[in-house]
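**Q** Please read through the structure below; I'll follow up with questions.
The values are calculated or read from the model by the stated rules, or taken from the named source; none is laboratory data. Note that the coordinates shown come from a computational prediction; the quantities given were computed from them, not determined experimentally. Counting neighbours? That spans all protein chains shown, and the Cβs are built from the backbone with ideal geometry, glycine included.
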Amino acid sequence: MTNTSMAHGFSCSRHEGVVTIQLTRVEQHNRIDPADLAGLRETIALIASDETAIALVITGTGAVTFSSGYTLSALAEGNIDDSFESFLNELEACPVPTVCALNGSVYGGATDLALCCDVRIGVEGSRMFMPAARIGLHYYPDGMRRYVRELGLAQAKRLFLTGMTMDAPEMLRIGFLTELVKPEELVARTAEYVDALRACESNVVRSMKRQLTAIAEGDASKATDRTAYERSLQSPVIAQRIKQRRS
């Protein structure tokens with residue numbers, strides 16, 4: 001997967017366990033086309049099955065737009081199935097931590113793509129909006145679920161029902177962004193998150209990600225499961241890492 005172009009709409013590379021997907025259709029605001037979805041879903045499947053993977057970073061090309069989302073021409077022509085929604089659900093379920101480095105503004109389905117990720121770093125001067133109601137689209141249920149889970153009902157209603165544009169400070173305030181940085185700081189700050197993930201025990205990170213998601217979604221049986229916690233206490237890894245910190 002190293003330095004490999006997977007499709008004309010995105011590229012994919014891997015370095016020391018970190019996979020980076022970069023949207024490359026810059027002249028079309030890094031939109032995602034139907035032809036991209038098979039490759040994107042294949043990439044997520046490969047990461048999910050790779051026990052050595054540490055993190056996934058998703059970003060765009062250029063300094064204007066992270067992504068304008070799924071191409072509107074497919075919607076207008078009725079040439080659409082559930083592939084885009086399936087891709088986002090698979091991204092949301094990706095077992096490794098996911099970092100969305102939003103190099104610019106974000107629109108439509110790309111806002112949902114960002115909400116699928118665990119960390120969202122945006123840049124000053126960017127903005128977002130969800131135009132579904134304005135184009136007459138009743139959004140798919142899993143996308144609305146993510147909006148409510150990540151942003152709360154009031155903000156989900158604000159964005160979906162009005163189609164209003166939101167600027168970067170407000171994106172940060174409501175929790176759409178984890179952090180807001182200057183454009184020239186985005187690459188370095190993303191690298192800091194990746195380095196932090198490298199320093200953690202990958203298996204524990206994966207199991208805590210699963211349980212935190214279960215807690216957020218009200219899955220009582222998974223939220224209260226103590227199996228992973230008790231397993232970590234018995235693992236030789238914890239003793240080794242504590243010893244290293246003391247030395």
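**Q** For segment 45-71, name all the residues that are within 19 Å of D33 (Cβ to Cβ) and surrounded by fewer than 16 Cβ atoms within 10 Å (Cβ to Cβ).
**A** At the first step, the residues of segment 45-71 found to be within 19 Å of D33 (Cβ to Cβ) are 58-62, 64-71.
Correct list: G62, V64.
**Q** May I ask you to verify whether K209 is modelled with pLDDT under 95, part of a helix (DSSP H, G or I) and closer than 28 Å to A239 by Cβ? Write out each step before concluding.
**A** Working: modelled with pLDDT under 95: no; part of a helix (DSSP H, G or I): yes; closer than 28 Å to A239 by Cβ: yes.
In short, no.
**Q** Output the number of residues of segment 13-28 satisfying the condition of being in a loop (DSSP other than H, G, I, E, B), under 18 Å from the mean Cα position of the chain (by Cα) and either surrounded by fewer than 16 Cβ atoms within 10 Å (Cβ to Cβ) or not hydroxyl-bearing (S, T, Y) (or both).
**A** Within segment 13-28, the first condition is being in a loop (DSSP other than H, G, I, E, B), and the residues that meet it are 16-17, 24-25.
Still in the running and under 18 Å from the mean Cα position of the chain (by Cα): 17, 24.
Imposing the further condition that a residue be either surrounded by fewer than 16 Cβ atoms within 10 Å (Cβ to Cβ) or not hydroxyl-bearing (S, T, Y) (or both) reduces the set to 17.
Total meeting the criteria: 1.
**Q** (1) basic (K, R); (2) under 21 Å from I58 (Cα atoms); (3) surrounded by 14 or more Cβ atoms within 10 Å (Cβ to Cβ): which one isn't true of R158, the others all being true?
**A** (2)
**Q** Something else now. Residues in segment 71-86: is at least one of a type in the set (A, V, I, L, M) and at pLDDT 95 or above?
**A** Narrowing segment 71-86 to residues of a type in the set (A, V, I, L, M): 72, 74-76, 80.
After this cut, where a residue has to be at pLDDT 95 or above as well, the list is none.
No, segment 71-86 has no match at all.
Results for (1) in a loop (DSSP other than H, G, I, E, B); (2) farther than 27 Å from R198 by Cβ, shown as yes or no for each residue.
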position: E85; (1), (2): no, yes
position: C117; (1), (2): yes, no
position: P131; (1), (2): yes, yes
position: R134; (1), (2): no, yes
position: G143; (1), (2): no, yes
position: Q155; (1), (2): no, yes
position: G175; (1), (2): yes, no
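**Q** Here's something else I'd like to know. State whether the residues of segment 133-145 include one that is in contact with a Leu (Cβ under 6 Å, 6 or more places away or on another chain) and charged (D, E, K, R).
**A** Taking every residue of segment 133-145 in turn, none turns out to be in contact with a Leu (Cβ under 6 Å, 6 or more places away or on another chain) and charged (D, E, K, R).
**Q** May I pose another question? Would you please name the residue that is farthest from A53 (Cα to Cα), looking only at residues in segment 191-230 that are touching a residue at least 12 places away in the same chain (Cβ under 8 Å) and either touching a His at 6+ places or on another chain (Cβ under 8 Å) or basic (K, R) (or both)?
**A** K222
**Q** Looking for whichever is modelled with pLDDT of 95 or more, of a type in the set (D, E, K, R), out of contact with any Ser or Thr (no Cβ under 9 Å at 6 or more places or on another chain) and loosely packed, with under 14 Cβ neighbours inside 10 Å here; the options are E192, E170, E179. Which one fits?
**A** Values: E170 fails: loosely packed, with under 14 Cβ neighbours inside 10 Å; E179 fails: loosely packed, with under 14 Cβ neighbours inside 10 Å.
One residue alone meets the criteria, E192.
**Q** Same structure again: Being surrounded by fewer than 19 Cβ atoms within 10 Å (Cβ to Cβ), among the acidic types (D, E) and within 16 Å of T213 (Cβ to Cβ) is the filter here; which residues of segment 111-149 pass it?
**A** Selection gives D142 alone.
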